[in-house]
1. Let me confirm something: among Lys61, Lys67, Lys27, which residue is open to solvent by 10 Å² or more (accessible area, probe 1.4 Å), more than 16 Å from the ligand (Cβ to nearest atom) and either closer than 29 Å to Phe376 by Cβ or among the charged types (D, E, K, R) (or both)?
2. Please go through segment 91-107 and give me each residue that is of a type in the set (S, T, N, Q) and crowded, with 22+ Cβ neighbours inside 10 Å, ordered by number.
3. Considering only residues that are open to solvent by 20 Å² or more (accessible area, probe 1.4 Å) and within 14 Å of the ligand (Cβ to nearest atom), which ones fall in segment 30-48?
4. Given the conditions (1) surrounded by fewer than 20 Cβ atoms within 10 Å (Cβ to Cβ); (2) within 14 Å of the ligand (Cβ to nearest atom); (3) modelled with pLDDT of 95 or more, report the number of the one that Asp86 does not fulfil.
5. Name the residues in segment 136-168 that are at pLDDT 95 or above and open to solvent by 40 Å² or more (accessible area, probe 1.4 Å), would you?
6. Among Ser222, Ser204, Ser187, which is the only one that is modelled with pLDDT of 50 or more, touching a helix residue (DSSP H, G or I) at 6+ places or on another chain (Cβ under 7 Å) and among the small types (Gly, Ala, Ser)?
7. So which residues in segment 352-373 are modelled with pLDDT under 95 and in a strand (DSSP E or B)?
8. Consider Asp192 against the criteria (1) more than 21 Å from Ala92 (Cβ to Cβ); (2) more than 16 Å from the ligand (Cβ to nearest atom); (3) without any contact (Cβ under 8 Å) to a residue 40 or more places away in the chain: it satisfies all of them except one. Which criterion is unmet?
Amino acid sequence: MSSKTVILVGGPSKGTRFRPLSLDIPKLLFPIAGKPMIYHHIEAAAKVPEMKEIILIGFFKETVLRKFIEETSKQLNISIRYINEDKVLGTAGGLFSFREQILEGSPKNIFVLHSDICCAFPLKDLLDFHNQHGRICTIMGTEIESKYANQYGCLVRDEKTAELLHYAEKPETFVSNLINCGVYVFSPQFFDVMGKTMVDLRTSGQNINTDYPEITRKGFDSERLRLEQDIFVPLAGTGTISVFPYIGFWRQIKNAGASVYCQELYLNHYAKTKPEVLKKADNIIGNVIIDPTASVDPTALIGPDVYIGPNVKIGKGVRIIHSIVLDQTEIKDHACVIYSIIGWQSLVGVWARIEGIPNYTPFLYSQDKRKGVTIFGSGAQANGEIIVSNCIVMPHKQLDRNYNNEIIL
Ligand code: GTP
């Protein structure tokens, strides 16, 4: 039973919440637990037996993804291909427009994954469930605290049959605390259903993608199609869709700060599934990944939940907790980095303290401006002995005094 996977990667216009890090790298390639965001998806997909191909659909320039695709394809020994949408087609428009390429070779199952999520990707379990229930689409759902549910696609399912009875995208009133994870499996027939839905929409003329108003053509766009509102909503309750209940970690990665929390989830997962990638040493606490090319002074104390990238230099007596330190950065002696992302080629001076204020509100649109991960854009520099707390620092800024709760432009 061969399969393919499609990952919806969107495009650059969606990267604004990821600034300043998306100024250097597209959001989907930002390292989380030491691997580009969508590497986790691809790694899971590549493990599914008879996975024939992984297709990324988006509206990035092909050159932006080429190196990542070549390297990952080689590393995981799986065919990966990028298909560029010339214009924004929505979460189902690309799937439908490129259906011939997706269905080439007659795969029996097509996994579809959102790129901006982190979870354990239990794709084999999802597929077994899909086959067991015999419908042409299965959505992975997870339960969250009711008060956050209205930020997501909410699912009502028949407890006995697992059928999706009702779908509401970001509803104004409470519908269900079972939400859409952005992980699906389709049977090929689902593409016919999409086609029919498109015809229906063409008749009613309603599918304008409000996520990209700046690029949306005025009025009806005949190719744009949203999987959630245009397909799942009308198909709920028609016997077409099942809901697979996933119990495990899941989170959206909508902004840069979320990477720190998602990294923690992936590192916990690694501790159970591939502990060999975690560094063990006397000066390491909890789950930590250190690139082999990084140099870390033995008197520095690192962890828990830290990633240290290639060619990073960590001085004497440094303390790093819950943070991501990217390539070629130097953290000088006795500096302290907590709940922070230190961008590429940055510098943190001696005895400096760079800290974020953790905010474990799970869904990251917290209005509390006093809390957040501190982020240094690439090449930012903090002088010695200063405190930078809950700040976003634009690339190449030189900080020479204390800062608190600021965006430093
Ligand atoms: P927001 O909360 O508004 O961000 O919405 P959401 O969480 O429902 O996510 P959204 O529907 O915007 O995107 C879900 C996934 O599909 C993400 O991985 C996006 O990158 C991707 N995506 C969204 N729109 C498009 C599109 O037009 N084309 C492609 N190829 N991918 C898309």
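The values are calculated or read from the model by the stated rules, or taken from the named source; none is laboratory data. Being a predicted model, the structure only gives us computed values, none of them experimental. Glycine also receives a Cβ, built like all others from the backbone with ideal geometry; neighbour counts cover every protein chain displayed. Only protein heavy atoms, including side chains, enter the accessible area calculation; ligands, DNA and RNA are left aside. Shrake-Rupley method; radii C 1.70, N 1.55, O 1.52, S 1.80 Å.
1. Working: Lys61 fails: more than 16 Å from the ligand (Cβ to nearest atom); Lys27 fails: more than 16 Å from the ligand (Cβ to nearest atom).
After ruling out the rest, the residue left standing is Lys67.
2. Residues of segment 91-107 of a type in the set (S, T, N, Q): 91, 97, 101, 106.
Matches in segment 91-107: Thr91 only.
3. Pro36 - this is the single residue of segment 30-48 that is open to solvent by 20 Å² or more (accessible area, probe 1.4 Å) and within 14 Å of the ligand (Cβ to nearest atom).
4. With (1) surrounded by fewer than 20 Cβ atoms within 10 Å (Cβ to Cβ); (2) within 14 Å of the ligand (Cβ to nearest atom); (3) modelled with pLDDT of 95 or more applied to Asp86, the lone miss is (3).
5. Correct list: Glu143, Val156, Arg157, Asp158, Glu159, Lys160, Thr161, Leu165, His166.
6. Numbers: Ser204 fails: touching a helix residue (DSSP H, G or I) at 6+ places or on another chain (Cβ under 7 Å); Ser187 fails: touching a helix residue (DSSP H, G or I) at 6+ places or on another chain (Cβ under 7 Å).
The conditions single out Ser222.
7. Ile357, Gly372
8. So Asp192 meets the others, but not (1).
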